[in-house]
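The values are calculated or read from the model by the stated rules, or taken from the named source; none is laboratory data. As the structure is a computational prediction, the values presented were derived from the model and not from experiment. Neighbour counts run over all protein chains shown; Cβ positions are idealised from the backbone, glycine included. In case anyone asks, the SASA skips ligands and DNA or RNA and just uses the protein heavy atoms, side chains included. Shrake-Rupley method; radii C 1.70, N 1.55, O 1.52, S 1.80 Å.
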Amino acid sequence: MSLFYQNKITNICQNYVYLKITEIKSMDGRKRHHYRIIFSILVPLWLISTCVYSQNVEPIESINGKGDLEKMLYYDSLSSALLMSSPEKSIEFGKQAIILAQELKKENIEAVTHKRIGYANYQLGDYTQCLECYERAIELFKSLNDDFDMAITLNLKGDVHNRLGDFNMSMNCFLQAERICDSLQPTYPDTVSLKRFNAILYTNLGILHHDLDSLEKAFDCFNIALKFASEISDSTRIAASYSNIGMIHKSRSAYDSAFVNYYHSLDISRAIDNRRYETATLNNIANMYEELGKPDSAMHYYMNAKELISQSGDKYGLSLVSRNIGKTLLKKNKAPDAIKYLNEALQISTEIGSVKEMYLNYLELSKAHKQLVNYKEALKFHELYTLNKDSVLGDETRKKVAELEIHYESEKKEKENLALRKDNEINQLKISRKNRAIVTLTAGIVFVLLSFLVMFLLYRGRYLAFRNLVKKNIEIIKVENELESTRKLLEQFKEPESPDTDEQSTELSQSKNLADKLERFMKREKPHFDSSISIDEISTKLSTNRTYLANAIKTEFAHSFNSYINEYRVKEAMRFLISPDYQNYSLEGIGQLVGFNNRMSFISNFKKITGITPGIFRDKNKEFYPNSDDKIVDL
């Protein structure tokens, strides 16, 4: 049986299963029995076709006496047949086919085989060889004017770049593929293949936008992919779309909608025996249970996903699932076990060269070592995380990706505008709009000038406001330092106060003394650097109780304990932010140094106390005071 007929039977089985799976759930007993009989015929037929095809492949020795053309076709068909079951063998036979194709000048066979070998290397996690094969295939398809296959290969290449964390190249490849598809839409005869490719392309575009935190764009892309897949009843792409849409719902905390989409995807994936999307959906479900604070349920799904993905040999997916298992174990305070899985994930991601996976693994390893109080290792991994993250998700990358999208959209709109102008050209010649154009142009120029003036005034006002805020906050720090020095000097000459017999005065004096004692303790011991510090711990160290301490803070500083501690943290953070020694630290790192648990808490408290965010404070400080040595405040 030829591979063509085997694939036809496979497609019939998969699509029939998908079309009927939702209907079977609501059927009565007789109808269910009817469809069980149909399934019992179709599924074995598919399995038999696979076995028969593999048995009917001619042994290699039988082609020794045949010509080069027959050998090339034989090696090519063998490479195609073994692509999914044995990628290594597929590569081996594909290389033989390429050698013969080059000798026979069969560029079409050479191009298709390069693309196939690229995908085989993709399955094996050898992304370097994969990209080389795809680039060669693209060159050949371009010389053959085979736009559709060139678009397919560009999409595959973009997916590899995304896995490697090169989002700029990934977006470039996807947009080139989309541009080709747009040009093919009106005339391409095989509309089913074109729609299937569009479903795959928009799925990949959605994943890229999700990685760039553009959830709205990702959601739109996944819905477009679902639309194309549904039009041709492609159950594989439908399963992928539901899983991805569920991922967006989870990001929006719409957990019920996420579960509906995930389980729909899981049902379809299992019905068509697609292990890849079954594994991805299990991982997504586990991830949601983890976010909902159910680590045991999450671990169950992660382990199932890991078992399936280990069988498939998908190294990228294995790195992702292993890291997720490590994260879950960390939440269960099992750092040693977590480190085992995280090291496995890091080893795999390093092996395949995925910077995107590497920096995420570094982050979790930093957290694991911090949980074990191994701060040296924690800092090492955190620095690696920061370094690699900036290379993947830095401002430069985001800027380039945005520029590519803008350029593509502008080009697309320009073509649309050109078509519209041609349609309206005859009518425009009949109508004279000279006077109206002059008035419109004049009004437009005035409007633009006024807009620029307003924008300039708004920007200048904002600029000055930020400058004043930064300047005042720095001055506050300097004044406080001077007051602290003065206070220490005064304490050396301060005479002991005579006891006050008045009860109220004594109470106020005790409150002030306790507040002074607290201030000295805060400046000397800096307990606010500890993110878990509590009023009970401080009151114990000051030989008082929490009630007296809380009242003293409220009376003398007009603060609650938490706001009092956070004010100290923010002031310390300002010192770090303007210090040249800490310019390489991220905002998250500065926040952790001064005692904040997370980035959001640091930013919100900083803005509440200073009126600006820490990022603006640091940037404007550099902008307004380029000579940092002139405005350093001693730490």
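Highest first, please rank the peptides 117-130, 530-543 by the mean number of other Cβ atoms sitting within 10 Å of their residues. Write out the running numbers ahead of the final one.
Values: 117-130: 21.2, 530-543: 13.8.
Top to bottom by mean Cβ count within 10 Å: 117-130, 530-543.
For the range 197-265, the set of trypsin sites (Lys or Arg not before Pro) satisfying both a DSSP loop assignment and a count of at most 13 other C-beta atoms within 10 Å is given as R252. Solvent-free Debye calculation, one equal scatterer per alpha-carbon of the range 75-217: log10 I(q)/I(0) at 0.14, 0.19 Å⁻¹ equals -0.67, -1.15.
Across the range 230-281, Cα-Cα distances exceeding 19 Å account for 21% of all pairs. Considering the range 62-127, its Cα convex hull presents a mean projected area of 4.2 nm².
Name the shape class, rounded, prolate or oblate, that the alpha-carbon gyration tensor gives for the range 198-287, where a ≥ b ≥ c are the square roots of its eigenvalues, rounded holds for a/c under 1.5, and otherwise prolate holds if a/b is larger than b/c and oblate otherwise.
On the way: a/c = 1.71, a/b = 1.10, b/c = 1.55.
It is oblate, given that a/c is not under 1.5 and a/b is not larger than b/c.
Fully extending the segment from K332 to S183, taken as 0.36 nm per residue of separation minus the present Cα-Cα distance, adds 48.3 nm. In whole angstrom, the range 259-308 maps to an equivalent ellipsoid with semi-axes of 19, 12, 6, each derived as √(5λ) from the alpha carbon gyration tensor and ordered largest first.
Here are some pairs, K340/K376; K217/K250; K356/K607; K66/K95; which of them have Cα atoms lying more than 20 Å apart in this structure?
On the way: K340/K376 18 Å; K217/K250 15 Å; K356/K607 31 Å; K66/K95 18 Å.
Distance filter (> 20 Å) returns K356/K607.
When you filter the trypsin sites (Lys or Arg not before Pro) in the range 79-152 for DSSP loop state and at most 10 other Cβ atoms inside 10 Å of their Cβ, you are left with K105. Taken over the range 109-183, the percentage of Cα pairs per 5 Å bin, counting from 0 up to the bin with the maximum distance, is 3, 20, 29, 25, 17, 6, 1.
Over the range 157-243, the ratio between the Cα radius of gyration and 2.2 N^0.38 Å evaluates to 1.05.
How high is the relative contact order of the range 231-303? Use alpha-carbon pairs under 8 Å, at least six apart in sequence, and give a whole percent.
On the way: 80 pairs, mean separation 19.2, N = 73.
It comes to 26 percent, rounded to a whole number.
Would you mind working out the accessible area per residue for the range 534-606, using a 1.4 Å probe, and quoting it in Å²?
Values: 3540 Å² over 73 residues.
Dividing the accessible area of the range 534-606 by its residue count gives 49 Å².
So what are the range 315-371's ellipsoid semi-axes, whole angstrom, largest first, if each one is the square root of 5 times an eigenvalue of the alpha-carbon gyration tensor? Can you show the working numbers first?
Details: eigenvalues 68, 21, 12 Å².
Ellipsoid semi-axes (Å, largest first): 18, 10, 8.
Scaled to the globular estimate 2.2 N^0.38 Å, the Cα spread of the range 196-246, given as radius of gyration, is 0.99.
Using the Cα atoms as the points, what is the convex hull volume per residue of the range 284-350 in Å³? Can you show the working numbers first?
Numbers: hull volume 4.6 nm³, N = 67.
Once divided by residue count, the hull of the range 284-350 is 68 Å³.
The Cα atoms of the range 511-635 define a convex hull whose projected area, averaged across directions, is 7.7 nm².
Return a whole-number percent for the relative contact order of the range 180-295, with Cα pairs under 8 Å and 6 or more residues apart as the contact set. Don't skip to the answer; put the middle values down first.
Working: 132 pairs, mean separation 21.3, N = 116.
Relative contact order of the range 180-295: 18 percent.
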